[in-house]
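Okay, structure first, notes after.
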Amino acid sequence: MTLTAPATTTAPAAAPGLPAVTCAPWCVDGTGHTDARFPEDQVCRGTTVEVELTRRPLVEVADDEWRRETVHLYLQRRPGHTPVVEMYRGELGESVTFTLDEADALGLALGHAVQQAKG
């Protein structure tokens, strides 16, 4: 014998939403993250920038679909914290988090190296 619960005709009540947080001007959500389940999930995230690594071999990203590997980076701000730059390689690569000062220093160093190489 199998016991089953009686069918209900009404949907369960929706969980109350979280109060909106003030999003950073660069946040792609922009609505205060009221759909987050927990306050610590109300994270602002900027647009992801992808840089194709043209010297790396092609990688299969789907069935018979190949692409160059990429480096991804975006701005992120967790509740109660200052913004950081998150960077990772590939689809599930290990990420590196930079403070804004660290990201700025890295950007300047990369730019300087490129200028030196170009003469």
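Observations on the structure shown:
- Filter pass, Ala20 being surrounded by 14 or more Cβ atoms within 10 Å (Cβ to Cβ), at pLDDT 90 or above and in a loop (DSSP other than H, G, I, E, B): no
- Residue within region 46-65 that is of a type in the set (A, V, I, L, M, F, W, C), without any contact (Cβ under 8 Å) to a residue 12 or more places away in the chain and outside any helix (DSSP H, G or I) present: yes
- Filtered residues of region 29-52 (kept if within 19 Å of Pro79 (Cβ to Cβ), exposed (fewer than 14 other Cβ atoms within 10 Å of the Cβ) and either out of contact with any Lys or Arg (no Cβ under 8 Å at 6 or more places or on another chain) or modelled with pLDDT of 95 or more (or both)): Gly30, Thr31, Thr34, Asp35, Arg37, Phe38, Pro39, Asp41
- Close Cβ contacts (under 6 Å, 6 or more residues apart or on different chains) running from residues in region 91-119 that are part of a strand (DSSP E or B) to residues that are among the hydroxyl-bearing types (Ser, Thr, Tyr) comprise Ser95/Tyr88.
The values are calculated or read from the model by the stated rules, or taken from the named source; none is laboratory data. Fair warning: this is a prediction, and the values are worked out from it, not measured in the lab. Don't worry about glycine lacking a Cβ; one is built from the backbone with ideal geometry, like all the others, and counts go over all protein chains shown.
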